[in-house]
Amino acid sequence: MSLSESVLNRLRHQSAHEPEFLQAVQEVLESVEKVLVKRPDLVEAGILDRIVEPEKVLMFRVTWVDDHGKVQVNRGYRVQFNSAIGPYKGGLRFHPSVNLGIIKFLGFEQIFKNSLTGLAMGGGKGGSDFDPKGKSEGEVMRFCQAFMSQLWRHIGPETDVPAGDIGVGGREIGYMYGTYRQITNAFWGALTGKGLTYGGSLGRTEATGYGLCYFTEEMLETRGEMVRGKTVVISGSGNVAIYATEKVHQLGGVVVALSDSNGYIYDPDGIDLQVVKQLKEVERRRIKDYLNYRPRAKYEEGCSGIWNIKCDIALPCATQNELDGQAAQTLVNNKVLAVAEGANMPCTPEAVEIFQKNKVLFGPAKAANAGGVATSGLEMAQNSMKLSWTFEEVDAKLKEIMRNIHKKAREAAKEYADPDDLVAGANIAGFLKVAEAMKAQGITF
Ligand code: NDP
């Protein structure tokens, strides 16, 4: 039995009820198998056994009072997975589906993603099973305050720097930062994704979606193609999906479909992004309401049907395992050219296999959506220097970082696998930097 198999077997036993975590670990371990053959020193340092185990797992009660005066209890999490190359860094997710296994999968992915950015950031992730949907402004604020009143003692600008994720945008970060500042009596960058009036970075809101498109352009270039003139389908209609749509349009492509957890819209004339921004960012309504503004568009209930729409480029930007083998086969039959993951692990292992077998350009999440955390890293740098860069400066740095990530992943893929296999390339390149850092620092945890 190989070393990766024995590590995986142990985890299957210990974490049987954490399927997403096991899925994420399996993919990375399979990729790094070839590296370990050439690097017995890493095996000797016990890197594989250590890297799959979080340094710390925090789980805490979050108690708050709803608008009817009723006491509500949610569960809060922060998984501080790996700090070998920098302070823990990764978002907070507020969604009813959140549990420890989901946070561990996201935290594990974050280790390699952050490593790929070239910035000094370790991996972490957190969140709660709180559902912001349908809650009043006051309820969201009280929940965020209660959440941070527990989390604050575990984070800090040189320790752990959380950010947003599903269900956590500028509004929630603002409420949490206010509480953090009040308790610590200090104004320092312990959260990213902050508003522009209190330490946020220009370009952070757009970064994941824009970065995803820069990465897609890099992949397309290897086949002499570009986004210009292409038809694009994007799932989700949150932060990542909205700004991916904006950048696709700026690059000359046309996005024809978006979704939310209820259904999807198809607008053959191209999505009117101002309408979507108004609906989602301002009024917090459902994607179905798009039809009130664009009667020629169509709405279908259910999320998975979105992948039946013929497109050149597919960008899944909603959630994990939203694109399965059947959807992948449909996209392939419809001659999709490139798929890049805006969400974390949105494609099932079967889907990834189908794309790779059919030579579809495939950008894995830990490389393709790293623009968000990279720009969070830039926000941390600006906070430390007490300076603000212009939007153009941040955007230029983001573009350069995405280009480098693509290059690193491709080079590692070339050395250890097939140059087009960016899944293996991203895993290997991300892993090697962290593994070297862990080895150099001795047996620390
Ligand atoms: P948002 O909360 O802004 O948007 C999430 C979108 O996905 C919404 O349209 C939501 O629909 C939909 N969605 C969420 N859960 C489900 C589900 N179970 N089934 C179907 N649709 C669902 O989140 P983000 O845009 O920030 O995040 C989207 C993805 O991108 C996540 O996987 C996240 O981890 C990843 N990501 C985000 C980064 C960031 O900077 N924000 C950085 C890197 C990755 P509805 O409103 O109906 O729930």
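The values are calculated or read from the model by the stated rules, or taken from the named source; none is laboratory data. None of these values were measured; they are calculated from a predicted model. Methodologically, a virtual Cβ is constructed for each residue, glycine included, from the backbone with ideal geometry; neighbour enumeration extends over all protein chains shown.
May I ask you to list the residues in the stretch 1-26 that are charged (D, E, K, R), modelled with pLDDT of 95 or more and surrounded by fewer than 20 Cβ atoms within 10 Å (Cβ to Cβ)? Don't jump to the end; show me each part of the working.
Step one: of the stretch 1-26, the residues charged (D, E, K, R) are 5, 10, 12, 18, 20.
In the following step, the residues that additionally are modelled with pLDDT of 95 or more were identified as 10, 12, 18, 20.
Of everything in the stretch 1-26, those that are charged (D, E, K, R), modelled with pLDDT of 95 or more and surrounded by fewer than 20 Cβ atoms within 10 Å (Cβ to Cβ) turn out to be R10, R12.
Need at least 2 residues that are surrounded by fewer than 16 Cβ atoms within 10 Å (Cβ to Cβ) per element, so show me which strands (runs of 3 or more DSSP E) inside the stretch 285-397 make the cut, counting only ones lying wholly within it.
Details: elements: 298-301, 313-316, 338-340, 361-363.
Here the list reads 298-301.
Please enumerate the residues belonging to the stretch 188-228 that are modelled with pLDDT of 95 or more and of a type in the set (G, A, S). Walk me through how you get there before you give the answer.
Looking only at the stretch 188-228, we keep the residues that are modelled with pLDDT of 95 or more, and these are 190-228.
Within the stretch 188-228, A190, G193, G195, G199, G200, S201, G203, A207, G209, G211, G224 meet the criteria.
Check L58 against each of (1) closer than 28 Å to A318 by Cα; (2) among the aliphatic types (A, V, I, L, M); (3) outside any strand (DSSP E or B) and name the one condition it does not meet.
Condition (3) is where L58 drops out.
Within the stretch 158-197, how many residues are in contact with a helix residue (DSSP H, G or I) (Cβ under 7 Å, 6 or more places away or on another chain) and within 18 Å of A374 (Cβ to Cβ)?
9
Does Y264 satisfy the criteria of being in contact (Cβ under 8 Å) with a residue 40 or more places away in the chain, among the aromatic types (F, W, Y) and in contact with a Gly (Cβ under 8 Å, 6 or more places away or on another chain)?
Numbers: in contact (Cβ under 8 Å) with a residue 40 or more places away in the chain: yes; among the aromatic types (F, W, Y): yes; in contact with a Gly (Cβ under 8 Å, 6 or more places away or on another chain): yes.
Spelling it out, Y264 is indeed in contact (Cβ under 8 Å) with a residue 40 or more places away in the chain, among the aromatic types (F, W, Y) and in contact with a Gly (Cβ under 8 Å, 6 or more places away or on another chain).
Determine whether the stretch 313-320 contains at least one residue that is within 16 Å of the ligand (Cβ to nearest atom), under 21 Å from G167 (Cα atoms) and more than 25 Å from the chain's Cα centre (by Cα).
No, the stretch 313-320 contains no residue that is within 16 Å of the ligand (Cβ to nearest atom), under 21 Å from G167 (Cα atoms) and more than 25 Å from the chain's Cα centre (by Cα).
When both residues are 6+ apart or on different chains and their Cβ atoms are under 9 Å apart, which pairs have a first residue that lies in the stretch 103-124 and is of a type in the set (D, E), and a second that is assigned to a helix (DSSP H, G or I) and within 13 Å of the ligand (Cβ to nearest atom)?
The qualifying pairs are E109/A24; E109/A365; E109/K366.
Considering each residue of the stretch 228-254, count those that are of a type in the set (S, T, N, Q) and buried (at least 24 other Cβ atoms within 10 Å of the Cβ), and give that number. Quick ask: steps written out before the conclusion?
Initially, the stretch 228-254 is screened for residues of a type in the set (S, T, N, Q), giving 231, 235, 237, 239, 245, 250.
In the following step, the residues that additionally are buried (at least 24 other Cβ atoms within 10 Å of the Cβ) were identified as 235, 237, 239, 245.
Result for the stretch 228-254: 4.
Looking at G86, G69, which is the one that is over 21 Å from the mean Cα position of the chain (by Cα) and assigned to a loop (DSSP other than H, G, I, E, B)?
Values: G86 fails: over 21 Å from the mean Cα position of the chain (by Cα).
From the options G86, G69, the qualifying one is G69.
Go through the residues of the stretch 73-81 one by one and say whether even a single one is surrounded by fewer than 18 Cβ atoms within 10 Å (Cβ to Cβ), over 22 Å from A318 (Cβ atoms) and either among the polar types (S, T, N, Q) or under 21 Å from the mean Cα position of the chain (by Cα) (or both).
Residues of the stretch 73-81 surrounded by fewer than 18 Cβ atoms within 10 Å (Cβ to Cβ): 73, 75.
Filter once more, keeping what is over 22 Å from A318 (Cβ atoms): 73, 75.
Okay, now just the ones that are also either among the polar types (S, T, N, Q) or under 21 Å from the mean Cα position of the chain (by Cα) (or both), so none.
There is no residue in the stretch 73-81 that is surrounded by fewer than 18 Cβ atoms within 10 Å (Cβ to Cβ), over 22 Å from A318 (Cβ atoms) and either among the polar types (S, T, N, Q) or under 21 Å from the mean Cα position of the chain (by Cα) (or both).
Please go through (1) over 19 Å from P346 (Cα atoms); (2) within 14 Å of the ligand (Cβ to nearest atom); (3) of a type in the set (A, V, I, L, M, F, W, C); (4) not in a helix (DSSP H, G or I) for V276 and return the number of the only condition it doesn't satisfy.
So V276 meets the others, but not (4).
Would you pick out the residues in the stretch 343-371 that are within 16 Å of the ligand (Cβ to nearest atom) and within 22 Å of G101 (Cβ to Cβ)?
In the first step, residues of the stretch 343-371 are kept if they are within 16 Å of the ligand (Cβ to nearest atom); the result is 343-348, 351-352, 363-371.
Passing the criteria: A343, N344, M345, P346, C347, T348, A351, V352, P364, A365, K366, N369.
State whether one or more residues within the stretch 257-266 are within 16 Å of the ligand (Cβ to nearest atom), at pLDDT 95 or above, β-branched (V, I, T) and more than 22 Å from the chain's Cα centre (by Cα). Spell out the reasoning first.
Looking only at the stretch 257-266, we keep the residues that are within 16 Å of the ligand (Cβ to nearest atom), and these are 257-266.
If we keep only those that are at pLDDT 95 or above as well, we get 257-266.
From the residues that got through so far, the ones that are β-branched (V, I, T) too are 265.
Next, from what is left, pick out any that are more than 22 Å from the chain's Cα centre (by Cα): 265.
The answer is yes, given that some residue of the stretch 257-266 is within 16 Å of the ligand (Cβ to nearest atom), at pLDDT 95 or above, β-branched (V, I, T) and more than 22 Å from the chain's Cα centre (by Cα).
Exactly one of these conditions fails for K133: (1) within 12 Å of the ligand (Cβ to nearest atom); (2) at pLDDT 95 or above; (3) of a type outside the set (S, T, Y). Give me its number.
Only one criterion in (1) within 12 Å of the ligand (Cβ to nearest atom); (2) at pLDDT 95 or above; (3) of a type outside the set (S, T, Y) is unmet by K133, namely (2).
With respect to E172, is the statement that it is within 16 Å of the ligand (Cβ to nearest atom), under 13 Å from the mean Cα position of the chain (by Cα) and among the charged types (D, E, K, R) true?
Values: within 16 Å of the ligand (Cβ to nearest atom): yes; under 13 Å from the mean Cα position of the chain (by Cα): no; among the charged types (D, E, K, R): yes.
Answer is no for this residue.
List every residue pair whose Cβ atoms lie under 8 Å apart, where the two residues are 6 or more positions apart in sequence or sit on different chains, the first residue falls within the stretch 28-53 and is part of a loop (DSSP other than H, G, I, E, B), and the second residue, located anywhere, is of a type in the set (A, V, I, L, M) and surrounded by fewer than 14 Cβ atoms within 10 Å (Cβ to Cβ).
Close Cβ pairs satisfying both conditions: A45/I443; G46/I443.
Contact list please: Cβ distance under 7 Å, first residue in the stretch 315-335 and more than 18 Å from A244 (Cα to Cα), second residue aromatic (F, W, Y) and within 16 Å of the ligand (Cβ to nearest atom), pairs at least six apart or on different chains.
A327/W307; T330/W307; L331/W307
Restricting the stretch 206-248 to residues that are free of Cβ contacts under 8 Å to residues at least 40 places away in the same chain and of a type in the set (D, E), which is farthest from the ligand (Cβ to nearest atom)?
Per the criteria, the residue is E221.
What is the number of the single condition among (1) surrounded by 20 or more Cβ atoms within 10 Å (Cβ to Cβ); (2) over 19 Å from R286 (Cα atoms); (3) charged (D, E, K, R) that E225 does not meet?
Of everything listed in (1) surrounded by 20 or more Cβ atoms within 10 Å (Cβ to Cβ); (2) over 19 Å from R286 (Cα atoms); (3) charged (D, E, K, R), E225 misses just condition (1).
Among the numbered criteria (1) surrounded by fewer than 17 Cβ atoms within 10 Å (Cβ to Cβ); (2) without any contact (Cβ under 8 Å) to a residue 40 or more places away in the chain, which one does T159 miss?
Only one criterion in (1) surrounded by fewer than 17 Cβ atoms within 10 Å (Cβ to Cβ); (2) without any contact (Cβ under 8 Å) to a residue 40 or more places away in the chain is unmet by T159, namely (2).
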